[in-house]
Amino acid sequence: MSRPCLIRRCVLWLFVGMLGGPAQGPEVIGQDAALPIAGEFQQNLIQAISQTEGAVVAIARVLPEDIQRDPEQRNPFRFRSVVTPADPGFIPREFATGVILAREGDNARFVLTPRHVVMGSALRKKNGHPEALFFVRLASRNVVAATLYNQDERSDLAVLKLELEGSGLTVEQVPVMPLGAGESLKKGQLIVGLGNPYAIARDGSASVSLGMISNLSRRPVEGETENETGEESGTIFEYGALLHVDLRLQLGTSGTAIVDLQGKLVGLGTSLAALRGYESSAGFAIPLDADVRRIVKALLDGHEVEYGFLGVRPDDIQLAGVLDADGQPLPPSAAVLVSVAEDSPADQAGLQRGDCILAVSGQPVLGNSDLMLRVGLLGPETEAQLSVWRPRTRNRSEVAVRLGKWPVYDDSSIIAPQLRHPAWRGLRVDYCTSRRRFMPAHLTSRYPRAVVVTAIEENSPAARAGLNVGDFIRQVGREPVQTPHEFHDAVESRDGVVLLQLDDGRMVEITAE
């Protein structure tokens, strides 16, 4: 027997002994007393697996040239090749795991998986054909084609939509994964991982492993992170929001379902850290807490996922041994504001350069990463409660900040099929910081109190009025607008010609259709 196996067996017997409690007699009696408890635990474990494994799927990302469609067959899932994605012997070049979800009031079925699994398809065309095709093998062994429905680069999450029409399956035959409360996870809590390592789930049966939560709020990757300018490409979880699990997340286990012993999804495994050179036996998972469930809901609804934004440039600061004005010790570290953009949400709330942020909505902030994480996960227009210490006065205070929107560079990374607001007279707007390319070179130098034009339809009233993508609209008539909601509320009841005031001082008249 190998040493790792021996260690695992010793740990198991220790666990059984602990369940059995202190021995009340000879050793054999203590072991006998523990066996019923161990058996009950085993039955609970089997039940948790059985009620969730049906919603765990194997994903194959296939290039069109790997398969040949038979034009004589009316069934789009039948191919001329001897080995097809529907064949258990088919080994895809790229593979992963996903979990089946549904949205409220809808019979559609979706698969949640990490975005890096589906990167490269993103609706780009090559010679008139999609760059990649997706096939999902269910636990029932049925193979269903899928399309990329929505994705979010900053969370590294994506949603595939199962094409059930013509598959021979009904919605009732495609079970949905129940969601748990990832925010309630504790260190040492037992979990189960269901995944598709090395594409071995070609028969539809996910492989299972038992582990525990090793730690919470981990940051596995050093180096590549972003600041509020959005100039880097790291995910928001790399600021310190990942679960550290003692499951070996091997090749193909990105998207592994992390479920609790009640049979509910509490996390989604990611091997992105391993892809960047962290090939260790430990694994990391995205927690399905309230913040991530907000992200998942936006993806399922077809919306762009939005993140909160302060309009500051923060850094780390050490405060060990420092007392506030009341003589109370400060936390050992915090985030200090190096700069505050003029007219930004932070500026409008009264924050100043040099202020130290100790907490966001009750969550401790021990540095720049914590501030970026807590603010980002709250989302735009959320009122964040910041605990602030001002060195100049040594006073602590609570400051309410209405957050803006963290910027993406442009629309190239967004494929959200549903708009939160319809176009108005051929015009679409978003938060002023929603697109990095429309902002000044130094994003934290000035923050326009306006909305930005992100799209204009050809031959529309907005186009005829001379508006351009990238223009900032400051007022509708005499009414100031700083958010898409304020803009659409302002124009909704207006008929005839509407006067828009731009941030550069121009006045533009938009006629009716």
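FYI, it's all coordinate maths here, none of it is from the lab. Everything quoted here is computed from the prediction, not taken from an experiment. Glycine also receives a Cβ, built like all others from the backbone with ideal geometry; neighbour counts cover every protein chain displayed.
Using a/c under 1.5 as the rounded threshold, could you call the stretch 419-510 rounded, prolate or oblate? The axes a ≥ b ≥ c are square roots of the C-alpha gyration tensor eigenvalues, and prolate needs a/b larger than b/c, oblate otherwise.
prolate
For a test of the definition: using alpha carbon positions, the gyration tensor, and the 1.5 limit on a/c, classify the stretch 407-467 as rounded, prolate or oblate. Write down the numbers at each step before the final one.
Values: a/c = 2.19, a/b = 1.42, b/c = 1.54.
Verdict is oblate for the stretch 407-467.
Could you compute the net charge surrounding P331? Neighbours are other residues with a C-beta less than 13 Å from the C-beta of P331; K and R count +1, D and E count -1. Intermediate results must be reported in sequence, preceding the final value.
Values: positive: R396; negative: D316, D324, D370.
My count for the surroundings of P331 gives -2.
Which shape class applies to the stretch 308-405: rounded if a/c is under 1.5, otherwise prolate when a/b exceeds b/c and oblate if not, where a ≥ b ≥ c are the square roots of the Cα gyration tensor eigenvalues?
Since a/c reaches 1.5 and a/b is larger than b/c, the shape of the stretch 308-405 is classed as prolate.
Residue-wise, which Karplus ³J(HN,Hα) couplings in Hz belong to the stretch 461-469, taking 6.51 cos²θ - 1.76 cosθ + 1.60, θ = phi - 60°, and x for glycine or proline?
Here the 3J(HN,Hα) series is x, 5, 5, 5, 7, x, 5, 10, 4 Hz.
List every residue whose amide H lies under 5 Å from the amide H of A416, counting only residues 5 or more places away in sequence or on a different chain, with H placed 1.01 Å from N in the peptide plane.
Q151
What residues qualify as long-range amide H neighbours of E131, i.e. H under 5 Å apart, gap of 5 or more or another chain, H built at 1.01 Å from N?
For E131, whose amide H was placed from the backbone, the distant partners under 5 Å are R124, K126.
With the cut-off at 23 Å, tell me which of the pairs K161/K297; K187/K264; K186/K264; K161/K186; K264/K405 have Cα atoms farther apart than that.
Cα-Cα > 23 Å for K161/K186; K264/K405; rest within.
Among the GluC sites (Glu not before Pro) in the stretch 152-219, which ones are in a DSSP loop with at most 14 other Cβ atoms within 10 Å of the Cβ? Mind listing them? List each step's numbers first, then the result.
Numbers: sites: E153, E163, E165, E172, E183; in loops: E153, E163, E165.
When the GluC sites (Glu not before Pro) of the stretch 152-219 are filtered for loop state and at most 14 Cβ neighbours within 10 Å, E165 remain.
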